[in-house]
1. Would you mind ranking B:His320, A:His228 by Cβ crowding within 10 Å, fewest neighbours first?
2. Name the most mobile residue of A:Tyr158, A:Tyr97, A:Tyr311, meaning the one with the largest mean-square fluctuation, in a Gaussian network model of chain A with Cα contacts below 10 Å.
3. Express the C-alpha Rg of the protein assembly as shown as a ratio against the empirical globular expectation 2.2 N^0.38 Å, rounded to two decimals.
4. Measuring from label point to label point, each 7 Å out along Cα→Cβ, what is the A:Tyr158 to B:Asp364 span in nm?
5. Among rounded, prolate and oblate, which fits chain A when a ≥ b ≥ c are the square roots of the eigenvalues of its C-alpha gyration tensor, a/c under 1.5 means rounded, and a/b larger than b/c means prolate?
6. How high is the relative contact order of chain A? Use alpha-carbon pairs under 8 Å, at least six apart in sequence, and give a whole percent.
7. Is it possible to state the helix-based mean residue ellipticity at 222 nm for chain B, with each DSSP H run of 4+ residues giving -39500 (n - 2.57), the sum divided by total residues, to the nearest 500 deg cm²/dmol? What is it?
8. Hey, what angle do you get for helix B:111-124 against the long axis of chain B, alpha-carbon based, 0 to 90 degrees rounded to 10?
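Each reported figure results from applying straightforward, stated rules to the coordinates on display, with no laboratory input. All figures in this text were calculated on a predicted structure; none of them were measured in a lab. Glycine also receives a Cβ, built like all others from the backbone with ideal geometry; neighbour counts cover every protein chain displayed.
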Amino acid sequence: MNGGAQAGDPSRVGRAGAPRSRGAEMCFGERLTRRQHWLRSALTSGPGIAWVVVFLVAPLVAIAVISFWTRGAYGEVEHLWTFGNYRRFMGFGLFGYDPLYPRIIARSLGLGAATAALSVLAGLPLAFFIAGLPERFRPVALTLVIIPFWTNLLVRTYAWQILLQAGGFLARAAAAAGLVDAGAPLYPSAGAVLVGMLCDYLPFLVLPLYASVEKIDWTLAEAAADLHADGLRAFRHAILPQILPGLVAGVILVFVPATGQFVIPDLLGGAKTVMLGNAIAQQFGPSRDWPFGSAIACLGMALVMLGLWAYARAAGRRGQEVL
Amino acid sequence: MRTDLPAIEIENVTRRFGEVTALAGVSVVIRQGEFFSLLGPSGCGKTTLLRIIGGLDWPDGGRIRIGGVDVEDIPAHRRPVNTVFQSYALFPHMTVFDNVSFGLRMKRVPRDEMVERTRKIMDIVEIEDLAGRRPAQLSGGQKQRVALARAVVNEPQVLLLDEPLGALDLKLRKQLQVELLALQRRLGITFVYVTHDQEEALVMSDRIAVMQAGRIEQMDEAEALYERPRKRFVAQFLGSCNLFDAAVEEREAANLAVRTSMGPLRVAAASAEEAAAVRDRFTLAIRPEKIALRPLGYGGRENAVAVRVEEVIYVGSETHYLLRTDGLTLRAEAMNVQAGPQGYERGQEAVAYFPPAALLALDD
């Protein structure tokens, strides 16, 4: 009877059951001196760590530092410390308050959230459909989900322009259904952007979700139905908790890159709206304002991580270890 | 719920899965407050029948009434029955308390009542200390109790149990058999119990239906089913049985004079009608414990056959014998009631006596 609460706590088991080694215990069949052990670790883990430090940590630190410096008159970076870039980003520019950049970041986060939401709506039935197929058809179906990736993103997006243009099949069908005026194109529009985003990011959600759906214990759904839960509540209480890890992973995989996406909004949205991605590209490119571009990048990253942290907390409170 | 109607009426229910016939026309009437067992080997259709009653599977034909109400169009979540699943199917992400109270919460029972009923049933099945645990932190026996509490807390008209003790070790199983029976008596709920364990069925059931290949072979009270099986399958599945071919020589009221390879025997049927229904050539059966071994020289009386003791298996409370007659091997069992060395030794000649009333004429 006693000690049961601890028994289910894996961290405790890990701590008690596998005491950490002192120095040179981590060996593979032979004894190593401390120096040999250190050398082996350096040779095995070293390259990976070096790669991450050189190509990820260092640039990020550089970006963070540059975001507190100042742009020179000719676009060079002057080592003058300032919060000006962040103040400017918040909307306090040379010409009084202008929420241009907060709007850009809100728009990008909104696009990421909308893409994630649409992917969930489309991906849930798809994952269940694939998992319900006879076993030999499932690899085929999964391959079909991935096939769009064999084509370049730009090509796929231009293809949507052709499909959605005035006089195209989809435009005529939409006109016939009374959704748009006859002869009007379906792009550029917000709808076209969402269609393009959904097609690009759906596989990122479907693959991890499918992995969860395939492992569902359906007797739990039967138990819920037996215990007077109707279809919707049986799903919520018996199925959803089982697929939540896959769903959370999929949403993160869609939301994070979708937030930085700007090619699809440009090509299908008519290049009239600025997203986080092209705002940053603009500063590093034509505007030659690296400090401000760095500030946008840092803030965007901070907001995405904040969002993920809140999401993981909310999901974690439902009794699931999701991250 | 009307108490004058049968708890469950099943009329000619059929179910096929592709090429496999799971139920080939099953009809049963289960009475109110009864402990009713569906007994059979795996694949006989007993679990399918249970799932159909619960609404988790659908019959291809036939009717089912629960408390007099046809449930054809009533989905599982609105049927007045609950199930204890073989694998327990406890919700792994919920505490024991949330598992047990699940049905009441789904039925939107007021919170105070929900908590009170949940606590009460957890008290009855002695899991009140486990309220905050998760299923992964429970032993097999504890999971079984939680599954039971989760079902009976809803006060179903009928409780369906699908081999609920199958995953437990023998000792715990025996203990829980007694507890289940006591719980059933206390709550007065009709139990429909699926099992492949004949002893379990005999211990607990008011009535047993023995199933094979999608049909009910025989249905009766436990004692009648054991003492007077009518089918070869029932005789062998429920306990063990010696079987041999026999031919009727003469019929006289309830008595049959039959010819067997061991010589002539007299069979006393339960009634003249039953005796009249016995076919001319039939399978004769006798339970091992009904065969009485006697010393040589006991002969002269009817139904006594000379045998040689081939094997003696001492199992403590009983001794089992393998007996050889002309071309036949019989199995006999005797209780070791007296003190000191028991009965017969290997190779000894003896007489096996078959009481006429213990000889059973099987239909097939």
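1. B:His320, A:His228
2. It is A:Tyr97.
3. Working: Rg = 37.9 Å, N = 687, 2.2 N^0.38 = 26.3 Å.
Computed over Cα atoms of the protein assembly as shown, the ratio equals 1.44.
4. Modelled inter-label distance: 7.5 nm.
5. It is oblate, given that a/c is not under 1.5 and a/b is not larger than b/c.
6. Values: 340 pairs, mean separation 72.8, N = 323.
Once normalised by length, the contact order is 23 percent.
7. Values: 9 runs with 90 residues, N = 364.
The helix-only estimate for chain B comes to -7500 deg cm²/dmol at 222 nm.
8. 30
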